[in-house]
Amino acid sequence: MSWGTELWDQFDNLEKHTQWGIDVLEKYIKFVKERTEIEINYAKQLRNLSKKYQPKKNSKEEDENKFSSCRAFLSTLSEMNDYAGQHEVVSENMTSQITAELARYVQELKQERKAHFHDGRKAQQHIETCWKQLEASKRRFERDCKEADRAQQYFEKMDADLNVTKADVEKARQHSQLRHQMAEESKAEYSAALQRFNQEQRDHYHTHIPNIFQKIQDMEERRIVRLGESMKTFAEVDRQVIPIIGKCLDGITKAAEAIDQEKDSQCAVEAFKSGFEPPGDVEFEDFAQPLKRASSECSLAAPGKEGKAATTGKAKGKLWPFIKKNKLSLKLGGGPEDFSHLPPEQRRKKLQQKVDELNKEIQKEVDQREALTKMKDVYIKNPQMGDAGSVEHKLAELGQNLERLRQEAQKFEGWLAEVEGRLPVKTEPGRRQSGVCETPNTLTVNHCAQDRESSPDGSYTEEPSQESEAKVPPPAHEFDDEFDDEEPLPTIGTCKALYTFEGQNEGTISVTEGETLFVIEEDKGDGWTRIRRSEDEEGYVPTSYVEVFLEKNAKGAMTYI
């Protein structure tokens, strides 16, 4: 069905209809724009919500992450952040694939519509001009015919009148003939104009207008198809993020299923256990015999402390001495260096944590000293590579730091040994052993809890007189020489030579470009890597000359170039 044949006389209505179609397209563009604004605002609100409930650094909320429910909540916040990102993706894709494309298409559509209707108006004006020319020829032919009739009547009148001279009659006859001739010419011109108009009219209504209207119809149908495609894209943009949103929701579900109430309960025990023994029975005080009255002893008091036992009026305050005595220090967030303001179990955890931190710092300093020592040895063997005296100051500084950290570790080890010796017998003995006794490369004393004797009553006090002296042995021996080659070093990976290196100095090894060798010691920061070609051939090469591939069980499959 063609608009050119069915709607040949609906030019104005088609003009209104196509303008309405463009208005519909612009309305849809506005709808998508508002949708993208909603998506981006929603994503922003979700991100702000997730950020609002994220734990602040160095706050109490970070300590709560040891509970599985809190970790699940953090996972939920993280998944919600990713969920918000998908709404941002929806907004971006709709803007680029729908809004921007349709806006550009609307401009092209307006230009095309304007051109088509301009051609239609031009054709309409042409047919109207032809019609006017036809009407003018027709009127002229009509006028000439009437003039010819009047001239003929006048001639006949003159010819019948006997009083008119023959010259006047001849003149009238000639005038009549002239008018008839003009009428015949007008008739011929009118006939030609009529034929031209009919041909122009046939071309107008059967060729020009149908072609123009067909173009307008094609334009309108393309607009409808484009609108439908945009609606499909609208749905597809949402559909593309549904799997990712589903993964986010699956992550939240998985985090919720990972909540372990029994482990959380155990974490609460570990976090708040004080190490105190429950109070024992209160002895009967016989006030009927004042001479035999004796001050009651609470089971919280340690044996041998009768002289310091509380009076009857103070007995109630001694049931929970830690809470009332250290309330102010807990509010202020302070406390002595040895954490003596904490209950025994909490104090043990804090001291254990401090010892572990010091051991890590010691290990870090030791690694730095090893690297500098190797660098110094390389510089001594190969002076052209650098000045060995330039690392002396740093080595001395590292030595001082190591000595200070050792002393700190020994001090906290002593306090830790004291606390573990006082904890009740039912305290898990393996806890101390797993915390310190298994620490590698520790330069401090590593006594285990099971080797210490617990206090008979497991009580806790802050008086220095009640604290036992911790016997701390001297520091462990210094590290052995790093270059001891009595036993071959194990292979930790492979390397490929990127360039040829001539190892002419002592301790180095020559390699050729493309050669594959074994790595037995990675770069410690001095710029050299230790490699092996065979059992009797090993040495150092510049790290920048080789591409190193460490094994996964060595250091996480790291690659250095």
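Could you tell me whether the range 365-378 includes any residue that is among the charged types (D, E, K, R), in contact with a Phe, Trp or Tyr (Cβ under 6 Å, 6 or more places away or on another chain), open to solvent by 50 Å² or more (accessible area, probe 1.4 Å) and on the phi < 0 side of the Ramachandran plot? Walk me through it before giving the result.
Start the filter on the range 365-378 by keeping residues that are among the charged types (D, E, K, R), which leaves 365, 367, 369-370, 374, 376-377.
Applying the additional criterion that residues be in contact with a Phe, Trp or Tyr (Cβ under 6 Å, 6 or more places away or on another chain) yields none.
Looking through the range 365-378, none of the residues is among the charged types (D, E, K, R), in contact with a Phe, Trp or Tyr (Cβ under 6 Å, 6 or more places away or on another chain), open to solvent by 50 Å² or more (accessible area, probe 1.4 Å) and on the phi < 0 side of the Ramachandran plot.
Name the pairs whose Cβ atoms lie under 8 Å apart, with the first residue in the range 118-141 and under 20 Å from Glu185 (Cα atoms), the second charged (D, E, K, R), and 6 or more positions between them or separate chains?
Cys130/Arg196; Cys130/Glu200; Gln133/Arg196; Leu134/Arg196; Ser137/Glu189; Arg140/Glu189; Phe141/Lys187; Phe141/Glu189
Restricting the range 341-364 to residues that are out of contact with any Gly (no Cβ under 6 Å at 6 or more places or on another chain), polar (S, T, N, Q) and surrounded by 18 or more Cβ atoms within 10 Å (Cβ to Cβ), which is modelled with the highest pLDDT? Spell out the reasoning first.
Initial filter on the range 341-364 (out of contact with any Gly (no Cβ under 6 Å at 6 or more places or on another chain)): 342, 346-351, 353-364.
Narrowing the set further to residues that are polar (S, T, N, Q) leaves 346, 353, 359, 363.
Then drop every residue that is not surrounded by 18 or more Cβ atoms within 10 Å (Cβ to Cβ), which leaves 346, 359.
Numbers: Gln346: 74, Asn359: 90.
Once the filter is applied, the top-ranked residue is Asn359.
Look through the range 55-68, keep the residues that are surrounded by 14 or more Cβ atoms within 10 Å (Cβ to Cβ) and assigned to a helix (DSSP H, G or I), and return whichever of them is modelled with the lowest pLDDT.
First, pick out the residues of the range 55-68 that are surrounded by 14 or more Cβ atoms within 10 Å (Cβ to Cβ): 55, 61, 64, 66-68.
Remaining after also requiring assigned to a helix (DSSP H, G or I): 61, 64, 66, 68.
On the way: Glu61: 63, Glu64: 73, Lys66: 80, Ser68: 88.
Ranking the qualifying residues of the range 55-68, first place goes to Glu61.
Just checking, which of Met219, Met158 is under 60 Å from the mean Cα position of the chain (by Cα), in a helix (DSSP H, G or I) and not basic (Lys, Arg)?
Values: Met158 fails: under 60 Å from the mean Cα position of the chain (by Cα).
It is Met219.
For the range 70-101, how many residues meet the condition of being within 17 Å of Arg226 (Cβ to Cβ), open to solvent by 30 Å² or more (accessible area, probe 1.4 Å) and not hydroxyl-bearing (Ser, Thr, Tyr)?
So the count comes out to 3.
Of the residues that make up the range 142-151, is at least one of a type in the set (Gly, Ala, Ser), touching a residue at least 40 places away in the same chain (Cβ under 8 Å), in a helix (DSSP H, G or I) and more than 26 Å from Trp8 (Cβ to Cβ)? Before you say what the answer is, go through the steps one by one.
Kept after step one, since they are of a type in the set (Gly, Ala, Ser), are these residues of the range 142-151: 148, 151.
Next cut, touching a residue at least 40 places away in the same chain (Cβ under 8 Å) only: none.
No, every residue in the range 142-151 fails to be of a type in the set (Gly, Ala, Ser), touching a residue at least 40 places away in the same chain (Cβ under 8 Å), in a helix (DSSP H, G or I) and more than 26 Å from Trp8 (Cβ to Cβ).
Could we say that Gly386 is surrounded by 15 or more Cβ atoms within 10 Å (Cβ to Cβ) and closer than 28 Å to Ile509 by Cα here? Can you show your working first?
On the way: surrounded by 15 or more Cβ atoms within 10 Å (Cβ to Cβ): yes; closer than 28 Å to Ile509 by Cα: yes.
Yes: the conditions hold for Gly386.
Would you mind stating whether Gln195 is open to solvent by 60 Å² or more (accessible area, probe 1.4 Å), part of a helix (DSSP H, G or I), free of Cβ contacts under 8 Å to residues at least 24 places away in the same chain and of a type outside the set (Lys, Arg)? Give the steps one after another, and end with the answer.
Values: open to solvent by 60 Å² or more (accessible area, probe 1.4 Å): yes; part of a helix (DSSP H, G or I): yes; free of Cβ contacts under 8 Å to residues at least 24 places away in the same chain: yes; of a type outside the set (Lys, Arg): yes.
Yes: the conditions hold for Gln195.
Scanning the range 198-235 for residues that are within 30 Å of Lys146 (Cβ to Cβ) and touching a residue at least 12 places away in the same chain (Cβ under 8 Å), which turns out most open to solvent (accessible area, probe 1.4 Å)? Give the derivation first.
We begin by selecting, within the range 198-235, every residue within 30 Å of Lys146 (Cβ to Cβ); these are 198-201.
So of that shortlist, the ones also touching a residue at least 12 places away in the same chain (Cβ under 8 Å) come out as 200-201.
Numbers: Glu200: 55, Gln201: 70 Å².
Taking the candidates together, the pick is Gln201.
Right, Val241: out of contact with any strand residue (DSSP E or B) (no Cβ under 6 Å at 6 or more places or on another chain), surrounded by 12 or more Cβ atoms within 10 Å (Cβ to Cβ) and not in a helix (DSSP H, G or I) or not? Step through it out loud before you land on a result.
Values: out of contact with any strand residue (DSSP E or B) (no Cβ under 6 Å at 6 or more places or on another chain): yes; surrounded by 12 or more Cβ atoms within 10 Å (Cβ to Cβ): yes; not in a helix (DSSP H, G or I): no.
Answer is no for this residue.
Which residues, taken from the range 35-54, are over 23 Å from Arg71 (Cα atoms), open to solvent by 80 Å² or more (accessible area, probe 1.4 Å) and either among the basic types (Lys, Arg) or in a loop (DSSP other than H, G, I, E, B) (or both)?
Result: Lys44, single match.
Taking the range 2-34, which residues are within 21 Å of Gln201 (Cβ to Cβ) and of a type in the set (Gly, Ala, Ser)?
Passing the criteria: Ser2, Gly4.
If you take the residues in the range 161-189 that are aliphatic (A, V, I, L, M) and part of a helix (DSSP H, G or I), which one is most open to solvent (accessible area, probe 1.4 Å)? Reasoning before the result, please.
Just the residues of the range 161-189 that are aliphatic (A, V, I, L, M), to begin with: 162, 164, 167, 169, 172, 178, 182-183, 188.
Narrowing further to those that are part of a helix (DSSP H, G or I): 167, 169, 172, 178, 182-183, 188.
On the way: Ala167: 70, Val169: 24, Ala172: 4, Leu178: 87, Met182: 68, Ala183: 10, Ala188: 61 Å².
Out of the qualifying residues, it is Leu178.
For the range 244-264: of the residues being more than 28 Å from the chain's Cα centre (by Cα) and open to solvent by less than 80 Å² (accessible area, probe 1.4 Å), which is farthest from Trp3 (Cα to Cα)? I'd like the intermediate steps shown before the answer.
Narrowing the range 244-264 to residues more than 28 Å from the chain's Cα centre (by Cα): 260-264.
From what's left, open to solvent by less than 80 Å² (accessible area, probe 1.4 Å): 260, 264.
Numbers: Asp260: 72, Asp264: 76 Å.
My answer is Asp264.
Looking only at the range 265-305, which residues are surrounded by 15 or more Cβ atoms within 10 Å (Cβ to Cβ), on the phi < 0 side of the Ramachandran plot, at pLDDT 65 or above and not charged (D, E, K, R)?
Cys267, Ser274, Phe276
Looking at this structure, is Lys114 loosely packed, with under 14 Cβ neighbours inside 10 Å, within 30 Å of Arg226 (Cβ to Cβ) and at pLDDT 90 or above?
Here the answer is yes, as Lys114 does meet what is asked.
The values are calculated or read from the model by the stated rules, or taken from the named source; none is laboratory data. Here the structure is a predicted model, which is why all the values come from computation and not from measurement. We place every Cβ from the backbone using ideal geometry, glycine too, and count neighbours over all the protein chains shown. The accessibility values were calculated without ligands, DNA or RNA, using every heavy atom of the protein model including side chains. Shrake-Rupley method; radii C 1.70, N 1.55, O 1.52, S 1.80 Å.
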